[in-house]
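These notes concern the structure reproduced below.
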Amino acid sequence: MTLAIERHRTPVTTDWASARLLAHMLPTPGPAELVPLAEAAGRTLAAPLRAATALPGFDNAAMDGYAVRGTGPWRVGDRILAGCADVPAALADGTAAEIATGAPVPAGTDRVVPYEAAERIGDLVMAADNTRRHIRRRGEYVRPEQPLLSAGATVTVPVLGLAAAIGLDAVAVYPRPRVRLLVSGNELVTAGPPPWGRMRDAIGPMLVPLLASWGAELVGTTMIGDDADGFAAAVADSAADADLTVVCGASSVGPADGLHQALDRLRAVVYVDGVDCRPGHPQVLARAGSGWIAGLPGNPYAALVAAFTIVEPMLAGLTGRPLPQPRRARLAGTLTPDDRRTRILPVRTAAEGVRLVDGGQPGFLGGAAAADAFAVVPPGPLADSVELLHLPQ
Ligand SMILES: Nc1nc2c(c(=O)[nH]1)N[C@H]1C(S)=C(S)[C@@H](COP(=O)(O)OP(=O)(O)OC[C@H]3O[C@@H](n4cnc5c(N)ncnc54)[C@H](O)[C@@H]3O)O[C@H]1N2
Ligand code: MOO
């Protein structure tokens, strides 16, 4: 595979799957940093999550009831509550202690009899024979120093709780890549119904939450015009500052499509110049200095497809995550594959499989808005099942 394409050569387009692979493997994450749990949600682990303590940290009751030793009836002595400061006295044969869930069981405890299974008369307690112990042993879930998750795992909501439970205050994660969005086009307006000849920006509102959901820190969205100097300066300034600059529009070959010219001026190395997919063909992946540049087409549905093709994998690479693997689903109904390009089509999931949704023209988002996934249909004969790209809510 040729990695860098010199701009004066005829562009070599990349197939859809290779574009995603390339976009994932080229970037590397920034240096790991230790961040408090409260700031770690959504970040990627840069080192395995390792337990600072055993879990449970001590033998404790799994039910409210009586810790007992030997065969009943038992004479009830102490009452032990969760959080008690002292180690409870050991149980002698034939004795019991009233105990709360989570409280440390006294040494010698055979089992905990839940209140519901116990009958108490005065200071004696009896129970039908019960084989369940209802004791959570020290280290039963996790041993001290045990690695629980590998580097590359996302810090999800349960991971935050698990990290706290194993005694961690902070986790080693990769930094969020700093991303700037440049939305280009003299015709664009950002509020209200557009006047004649103008177009409402439909890409900025989609990409802002999408980039955040893929782990980016969005440092700004800038609307830029089509004037070549201003366009090139905006791309250069952003590439010098942000880890990734996402440029929407101006990626094609028209008179006002300044992305390629700007990349020439920047002496950028172009890795992808056109992807064999429909829509979303005019995509660019380049690097200028230390900044990555992703160029997306101006047609809004094409831009969304292109974002899934190169931006999602790039952000996975920049955050140290694996390449997201599309799941597969049965295809209900029929559709026509392209003989040369991968089609990316809006679909909805039904009991019998995924079904095509109308309204997937490159310049229209009606199909995507009614869809719950995008189906990836490679060129050539149609298979029974298709890969699905997951749409974040
Ligand atoms: N001679 C050729 N013309 C075109 C080709 C081609 O291969 N040869 N490709 C077509 C395809 S496919 C696409 S997609 C577009 C991509 O064009 P650009 O990336 O250069 O985008 P623009 O020309 O700036 O805009 C295209 C279209 O989209 C509208 N637009 C732009 N930005 C936004 C936005 N933020 N929100 C909503 N709509 C937007 C713009 O007004 C145009 O209508 O090129 C084809 N042409
Ligand atoms: O590929 Mo364009 O990306 O068809 O709209």
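The values are calculated or read from the model by the stated rules, or taken from the named source; none is laboratory data. Computed from a prediction, not measured in an experiment: that's the story for all the values here. Here the Cβ positions follow ideal geometry from the backbone for every residue, glycine too, while neighbour counts run over all protein chains shown. Quick note on the areas: whole protein, heavy atoms, side chains included, nothing else; ligands and nucleic acids left out. Shrake-Rupley method; radii C 1.70, N 1.55, O 1.52, S 1.80 Å.
Taking Cα centre as origin and charging only the Cβ of basic (Lys, Arg, +1) and acidic (Asp, Glu, -1) residues, the dipole magnitude of the stretch 274-393 rounds to 180 debye.
Karplus-derived 3J(HN,Hα) values for the stretch 363-378, using 6.51 cos²θ - 1.76 cosθ + 1.60 with θ = phi - 60°, are x, 9, 9, x, x, 4, 5, 8, 8, 10, 6, 10, 8, 9, 10, x Hz; glycine and proline are entered as x. Placing pseudo-labels 7 Å out from each Cα toward the beta carbon at Gln393 and Asp339 gives an inter-label distance of 4.4 nm.
Sorting the segments 279-288, 103-112 by their residues' average number of neighbouring beta-carbon atoms within 10 angstrom, most packed first, yields 279-288, 103-112.
Based on the Kirkwood approach, the hydrodynamic radius assigned to the stretch 60-136 is 11.8 Å, with every pair of different Cα atoms included.
Working ranking of peptides 269-277, 52-60, 65-73 by packing, defined as the average number of other Cβ atoms within 10 Å per residue, highest first, is 269-277, 65-73, 52-60.
Under a 5 Å amide H cut-off, with hydrogens placed 1.01 Å from N, Phe58 pairs with Gly139 among residues at least 5 apart or on other chains. Amide H contacts of Ile99: Gly65, Tyr66, Ala67, Ile80, each under 5 Å away and 5 or more positions distant or on a separate chain (H built 1.01 Å from N in the peptide plane; Pro and chain starts excluded). Taking all Cα pairs closer than 8 Å and separated by 6 or more residues, the relative contact order of the chain comes to 18 percent.
Seen from all directions on average, the stretch 1-122 presents a Cα convex hull projection of 14.9 nm². Between the listed residues Ala128, Ala107, Ile80, the Cα displaced farthest toward the positive end of the dipole of the stretch 60-136, a dipole computed from Cβ unit charges relative to the Cα centre, is found at Ala107. Label-to-label distance for Leu37 and Gln261 is 5.5 nm, based on points extended 7 Å past Cα in the beta-carbon direction. Of all DSSP-defined beta bridges confined to the chain, some 65% are antiparallel rather than parallel. Simple rule: put +1 on each Lys or Arg Cβ and -1 on each Asp or Glu Cβ in the stretch 327-390, find the dipole, and look at Gln361, Ala375, Thr334; the Cα lying farthest toward the positive end is Ala375. Taking only protein heavy atoms into account and a 1.4 Å probe, give the accessible area per residue of the chain in Å². Roughly 48 Å² per residue, with all protein chains present. Judged by the mean number of other Cβ atoms found within 10 Å, the most tightly packed of the peptides 16-25, 336-345 leads the ranking 16-25, 336-345. Rank Pro88, Pro209, Pro378 by mean-square fluctuation in a GNM of the chain with C-alpha springs under 10 angstrom and give only the top-ranked residue. The residue that fluctuates most here is Pro88. Magnitude of the charge dipole for the chain, about its Cα centre and with charges confined to Cβ atoms of Lys, Arg (+1) and Asp, Glu (-1), is about 520 debye. Charging the Cβ of each Asp and Glu at -1 and of each Lys and Arg at +1, and nothing else, the dipole of the stretch 60-136 about its Cα centre rounds to 180 debye.
With R₀ fixed at 56 Å, the C-beta to C-beta distance from Arg132 to Val219 puts the FRET efficiency at about 0.50. Working from label points 7 Å from Cα in the Cα-to-Cβ sense, the Val87 to Ala170 distance is 3.3 nm. Our estimate of slack between Gln325 and Asp358, defined as 0.36 nm per intervening residue step minus the Cα-Cα distance, is 9.3 nm. Computed from the C-beta positions of Trp196 and Val253 and an R0 of 35 Å, the FRET efficiency is 0.85 to the nearest 0.05.
The relative contact order of the stretch 327-390 comes to 41 percent, based on Cα pairs under 8 Å that sit 6 or more residues apart.
Positive-end ranking of Leu21, Val235, Leu304 along the dipole of the chain, with charges on Cβ about the Cα centre, is headed by Leu21. With a ≥ b ≥ c taken as the square roots of the eigenvalues of the C-alpha gyration tensor of the stretch 327-390, please select rounded if a/c is under 1.5 and otherwise prolate if a/b is larger than b/c or oblate if it is not? Oblate shape, in that a/c is at least 1.5 and b/c is the bigger or equal ratio. Across Ser252, Ser290, Ser238, mean-square fluctuation computed from a Gaussian network of the chain (C-alpha pairs under 10 Å connected) peaks at Ser290. Using the rule -39500 (n - 2.57) for each DSSP H run of four or more residues, divided by the residues of the chain, the 222 nm mean residue ellipticity is -5000 deg cm²/dmol.
Measuring nothing but how far apart in sequence close Cα pairs (under 8 Å, 6+ apart) lie, relative to its length, the stretch 157-244 scores a relative contact order of 37 percent. Principal axis extents of the Cα atoms in the chain, from largest to smallest and rounded to whole angstrom, are 93, 48, 46. I want to verify a result. In a Gaussian network model of the chain, Cα cutoff 10 Å, which of these has the top mean-square fluctuation: Val208, Val76, Val12? The residue that fluctuates most here is Val76.
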